1. Scan segment 144-163 for residues that are touching a residue at least 24 places away in the same chain (Cβ under 8 Å) and out of contact with any helix residue (DSSP H, G or I) (no Cβ under 8 Å at 6 or more places or on another chain) and jot them down.
2. Somewhere in segment 184-206, is a residue closer than 13 Å to Phe257 by Cα and part of a helix (DSSP H, G or I)?
3. Answer with yes or no whether Arg210 is surrounded by fewer than 17 Cβ atoms within 10 Å (Cβ to Cβ), assigned to a helix (DSSP H, G or I) and of a type outside the set (A, V, I, L, M).
4. Please identify the pairs in which a residue from segment 55-71 that is touching a residue at least 60 places away in the same chain (Cβ under 8 Å) has its Cβ atom under 9 Å from the Cβ atom of a residue that is outside any helix (DSSP H, G or I) and surrounded by 13 or more Cβ atoms within 10 Å (Cβ to Cβ), counting only partners at least 6 apart or on another chain.
5. Going residue by residue through segment 227-242, is there one that turns out to be in contact with a Lys or Arg (Cβ under 8 Å, 6 or more places away or on another chain) and surrounded by fewer than 20 Cβ atoms within 10 Å (Cβ to Cβ)?
6. Quick one: which of Leu76, Leu89, Leu115, Leu100 is in contact with an Asp or Glu (Cβ under 9 Å, 6 or more places away or on another chain), in contact (Cβ under 8 Å) with a residue 24 or more places away in the chain and either surrounded by 16 or more Cβ atoms within 10 Å (Cβ to Cβ) or of a type in the set (Phe, Trp, Tyr) (or both)?
7. Name every residue in segment 118-143 that is crowded, with 16+ Cβ neighbours inside 10 Å and not in a helix (DSSP H, G or I), in order of residue number.
8. Among the numbered criteria (1) among the hydrophobic types (A, V, I, L, M, F, W, C); (2) outside the structural domain of Phe161 (by TED's automatic domain parsing); (3) touching a residue at least 12 places away in the same chain (Cβ under 8 Å), which single criterion is violated by Ala135?
Amino acid sequence: MTTLYRQLAQVIPTTVGAMVLVFVLMRVLPGDPAVSMLGTTATPDALAALRDQLGLDRPIWEQFVSYLWGLLRLDLGQSLALRVPVISLIADALPHTVLLTLGGTLVAVVIGVPLGVVAALRRGTWADYLASTGAILGISVPVFVKGLLLLLAFALVWPIFPSSGGGDSPPEMLRALVLPSIATGLSLAGLLSRISRASVLQVLSQDYVRTARAKGLREHAVLATHVLKNALIPILTVIGLNVGLLLSGAVVAETVFTRPGIGRLALDAILARDYPVIQGVIIFSVVAVVLINLLVDLLYGVVDPRVRV
């Protein structure tokens, strides 16, 4: 319980630190939200009036204090470009990104973990070399390249899946989710395959595995009871870190497949210098990554009782 409280206590300083950093950086970068909204042909008086309306002419510290006061009231502010609450924009985009994250993670686990286990059990054979080659390809080929190839093959040549959008009905949403999930999941699958192989090989060399085999336990029982369970902690670590990255940084896949989501929302906000939206997305992303890693830490204790001690 002490560990849980300590992990939860990290959420506040981490979130505040990220918020301060983004708040300052967005205001020192070149660009003016008023110019982005009114265009370069707007008169100086019109630009000054809009800056005054949006509060952009106030000192940075005053804007920051005002933003902090809004956060204490669970108010992320209002989009400068769209003039709607930031929380509603995030709420609309979040389900699509969550589905993409879950889909990519499922693809990665289903492909990467079995490949890594097989490669470890068949070390030095053609299966090991084939799995290792596939893992390196999955890691090295960028997501946008895999996405474009998948679009070319399964949306243009063979129009099985849609080439863009997130879908309206549940069946359409699932069909639109297949290609982005594969594109994002293959990169994580390659990493999981390498980590799983290394972790299983390390466990296979332990004395308790040799003892279990010497007692006459069948190989599948040794793998299920002694090997896989003890090899899960590094695998869980990689899954937790990358799930957080997928959830907060799905901008490449959402751009290639023209999907709505948190990544597209952040990209559009950056191009428009929409400070409240950028800050809201960053805060959400930081909290999501911290909470996911907290969940992974708690799962350590479920997988290995020694961690709880």
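The values are calculated or read from the model by the stated rules, or taken from the named source; none is laboratory data. Since we're looking at a predicted model, the values are computed, not measured. Backbone-built Cβ (ideal geometry, glycine too); neighbour counts: all protein chains shown.
1. Residues satisfying the conditions do not exist here.
2. For segment 184-206, residues closer than 13 Å to Phe257 by Cα and part of a helix (DSSP H, G or I): present.
3. For Arg210, the condition - surrounded by fewer than 17 Cβ atoms within 10 Å (Cβ to Cβ), assigned to a helix (DSSP H, G or I) and of a type outside the set (A, V, I, L, M) - is met.
4. These pairs meet every condition: Tyr67/Leu76; Tyr67/Gly77; Leu71/Gly77.
5. Residues of segment 227-242 in contact with a Lys or Arg (Cβ under 8 Å, 6 or more places away or on another chain): none.
No; the residues of segment 227-242 include none that is in contact with a Lys or Arg (Cβ under 8 Å, 6 or more places away or on another chain) and surrounded by fewer than 20 Cβ atoms within 10 Å (Cβ to Cβ).
6. Leu100
7. Once the filter is applied, which keeps residues that are crowded, with 16+ Cβ neighbours inside 10 Å and not in a helix (DSSP H, G or I), segment 118-143 yields nothing.
8. Exception for Ala135: condition (2).
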